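Following: one structure in structure tokens, then a few remarks.
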Amino acid sequence: MDKSSALEYINQMFPTEASLSGVEPLMQKIHSEIRRVDAGILAAVRQQSNSGTKAKEDLAAATHAVQELMYKIREIKSKAEQSEAMVQEICRDIKKLDFAKKHITTTITALHRLTMLVSAVEQLQVMASKRQYKEAAAQLEAVNQLCSHFEAYRDVPKINELREKFKNIKKILKSHVFSDFSSLGTGKETEEANLLQHLSDACLVVDALEPSVREELVKNFCNKELISYQQIFEGAELAKLDKTERRYAWIKRRLRTNEEIWKIFPPAWHVDYLLCIQFCKLTRSQLVDILNNLKEKPDVATLLSALQRTLEFEEELAKKFSGGTTNSRSREYGDDVDDVDEGENSNKRIVSDIQKKYEKKLALHRGGGTEQDKQKELLIPGAGFNFRGIISSCFEVHLTVYVELEEKTLMEHLEKLVQEETWETEEGSQTNILSSSMQVFLIIRKSLKRCASLTKNQTLFNLFEVFKRILRSYATKLYARLPKGGTGIVAAATGTDGQIKTSDRDERMICYIVNTAEYCHQTSGELAENVSKIIESQFAEKIDISDVQDEFSAVITKALLTLVYGLETKFDAEMIAMTRVPWANLESVGDQSEYVNGIISILTSSIPALGNLLSPTYFQFFLDKLAASLGPRFYLNIYKCKQISETGAQQMLLDTQAVKTILLEIPALGKQATVVAGYSKFVNREMSKAEALLKVILSPIESVGDTYRALIPEGTPLEFQRILDLKGLKKVDQQSLMEDFNKHNTGIKHHSMAPTVMTPAPAPPTIPTLAPTSTSSSTTTMPGGAIVSREDVLARAAALGRGAATIGFKRFLALTEAAKDRKDGPFRKLFNP
């Protein structure tokens, strides 16, 4: 420590004069510690000195040991080199002797094989001249093996001579075998008992020769067998489409008759298999010529009969040469189309059950059959030929007449079904679907089954396009069945142009059409899915029925809108009655008006049936469109009234509340409580516009402009002037109010609040939206000069809406007090929580 630290330490140890008495003990303690440290240092120095000496000795000993090891390694290396040189000297003569022995052994072996080869070739020549095929076959194998040992001796003249001689012998054998086989099928096999055995031995020779010899022999045999077939069926009598079945009978008879004779061929040659391939190719060529040379379109029955017989023959060949198993894909889709027949006695089975059945069958197919398919290909080595379609594919381009006939038949069935349709469901039915739709899909599935049994290529795709046209035609007929509005000069003159009048039966029919279109939409998609599974893969991606589904969706939309338009037409009389009420002359506020009772009667008579027949999704759509129509229409109808007094406005406000209540109760009337809560908000928003308008009419003349701006911020001067007309103000009295209104609305952009009333049109109606717009100031100057806030105006308007400021409304309150004691009735609903 530095001096300052030392001084601080001493002062800390002896802070007072009395503490100096402890200096002596402290000094003794310090001296004792110094002595202990010195002793430790001395011991460490001595130990270090001894360790350094010992380390030097160990290092010197290690260096000496390394030097001795290096010396011994050099000595061992020198002795190893001497030993290697000695071994090489000893083995020099032995190596020469070993090479000599190897060469002598190779020479002896080659000479021995050469002798065997010469002898074997001579023997083979004798056997070939005597046509001893059985012995020659074994000898050929031996000569081939011997010749393989002399591949490296091609430059030796003797070896080349033997090889050329062997080639000539093989040519002689080939010519003898082909000559002997030419007698097969001429009847000599019955005259000469040993001919078949002789030819069987010849097959052994052919196997011993090159593979090309066997291929040539089998090809010649097949061509010879088919010469008579070609001559028979190229004649004018049998070269016809209706004689197709006789072709297949000929080859089957030929195979059956010569089965025993053809056993001379080894099974590995697959002679009958190759003969059938040649027969199929030749038959296809002849049928193509027959079809192309037809002067007129082929008869559909004859064409389909020939195609059916051809498919059956191809299936027989496939079974015969694939271990007797049928094509798993054909079985699966054959079962799929067979399921259609079950629907004849159960037309009411819904499409979801059908879909589950198909999914189950598809799962079963995916679970098995793989190993069988693999084993099937191994039954005939190298025979990957597919008989299915080898002949029948030539019919494909000529099946347009079949597709045309199917389309004509389906269209006739459709017309008949639509004519016989009652447009009612059977009693006790739970599907609420028209029976004609089920019948349409039944005949389509039958047609699909017929076509799938014939072809799964272009024709099936063309037939699928026919199915789409049939379904589009059915959708058109459903669309045409919907009630239409009045048209023509008379309808225009009477004001009924575009109006749709519907009875209770019409409303039920429209619901059936909605459910039927939904069923067709779903089932057509499943039809396309099934066709894509059946049809060949190159056409599967083209299978699309979305355009047909779109047409059925359009039918659903049109039908639901027609329901709304029909109810609108029923409301016409009530809306006219509303405008004819003497609102300016009402003396007191009573129960709800008669036109409101009419609206309630219309809804309570129609809605329960519609809710029972429509699904929740479509019932919700219907309700949204109905509210979007009735709310704005009721609002606009207020403007059509001539003049509304304060008492009349109060009565109309009561009527508005009653209309809103029945609209909110529509889901309960339809027994569909699952309708979303958004519907209630939508109804409240639409009907609140009419309530706001009536509150403006109820407001005092001096504050009507401020009340209008507060409750209807989007209002226009034209609408404000119409409200003044409803209040019964003269043009002179309106001028000052209009000037004040325009002054306060300068610089504010207004949008017309008048909603669009639904008219019969395919497009959904425009639903008006009343969104409050911001104003430039939150305060308003009254005509008397007083400045009031926006909140004061709203509060006053609300009070006016409740009628608290008028004597007439006191009578209204008396009526409501009496109505509270009633247990039922539409007026009582106003007081329900």
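Data table
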{"quantity": "Residue check, PRO608 under 23 Å from ASP725 (Cβ atoms) and out of contact with any Asp or Glu (no Cβ under 6 Å at 6 or more places or on another chain)", "calculated": "no"}
{"quantity": "Enumerated helices (runs of 4 or more DSSP H) restricted to the stretch 637-725, each holding at least 1 residues that are over 45 Å from the mean Cα position of the chain (by Cα) and closer than 18 Å to LEU737 by Cβ", "calculated": "646-664, 678-698, 704-711"}
{"quantity": "Filter result for SER21 (among the polar types (S, T, N, Q) and open to solvent by less than 80 Å² (accessible area, probe 1.4 Å))", "calculated": "no"}
{"quantity": "Near pairs, Cβ below 6 angstrom, 6+ apart or cross-chain, from the stretch 115-142 (in contact (Cβ under 8 Å) with a residue 60 or more places away in the chain and part of a helix (DSSP H, G or I)) to any residue that is open to solvent by 10 Å² or more (accessible area, probe 1.4 Å) and not charged (D, E, K, R)", "calculated": "ALA136/MET127; ALA137/LEU204; ALA137/ALA208; LEU140/ALA208; GLU141/ALA208"}
{"quantity": "Only listed residue being modelled with pLDDT under 90 and open to solvent by less than 20 Å² (accessible area, probe 1.4 Å), chosen from THR516, THR502", "calculated": "THR502"}
{"quantity": "Matching residues, the stretch 143-165, being within 12 Å of ALA208 (Cβ to Cβ) and in contact (Cβ under 8 Å) with a residue 24 or more places away in the chain", "calculated": "VAL143, ASN144"}
{"quantity": "Qualifying residue in the stretch 656-679 (condition: within 25 Å of SER606 (Cα to Cα), free of Cβ contacts under 8 Å to residues at least 60 places away in the same chain, surrounded by fewer than 21 Cβ atoms within 10 Å (Cβ to Cβ) and touching a Leu at 6+ places or on another chain (Cβ under 6 Å))", "calculated": "yes"}
{"quantity": "Selection from the stretch 403-458 of residues that are open to solvent by less than 20 Å² (accessible area, probe 1.4 Å), in a helix (DSSP H, G or I) and closer than 30 Å to LEU311 by Cα", "calculated": "VAL403, GLU406, LEU410, VAL440, PHE441, LEU442, ILE444, SER447, LEU448, CYS451, ALA452"}
{"quantity": "Any hit, the stretch 696-706, residues being aliphatic (A, V, I, L, M) and within 28 Å of GLN620 (Cα to Cα)", "calculated": "no"}
{"quantity": "Output for the stretch 273-293, where each listed residue is open to solvent by 70 Å² or more (accessible area, probe 1.4 Å) and farther than 12 Å from SER393 by Cα", "calculated": "ASP289, ASN292, ASN293"}
{"quantity": "Failed condition for VAL548, given (1) farther than 29 Å from LEU636 by Cα; (2) assigned to a helix (DSSP H, G or I); (3) open to solvent by 10 Å² or more (accessible area, probe 1.4 Å)", "calculated": "(3)"}
{"quantity": "Selected residue (criterion: most open to solvent (accessible area, probe 1.4 Å)) from residues of the stretch 246-270 that are of a type outside the set (A, V, I, L, M) and over 27 Å from GLN197 (Cβ atoms)", "calculated": "ARG246"}
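The values are calculated or read from the model by the stated rules, or taken from the named source; none is laboratory data. Predicted model only: the values in this text are computed from it and were never measured. Every residue, glycine among them, receives a Cβ derived from its backbone with ideal geometry; neighbour counts consider all protein chains shown. Please note that ligands, DNA and RNA were not included when accessible areas were found on the heavy atoms of the full protein model with its side chains. Shrake-Rupley method; radii C 1.70, N 1.55, O 1.52, S 1.80 Å.
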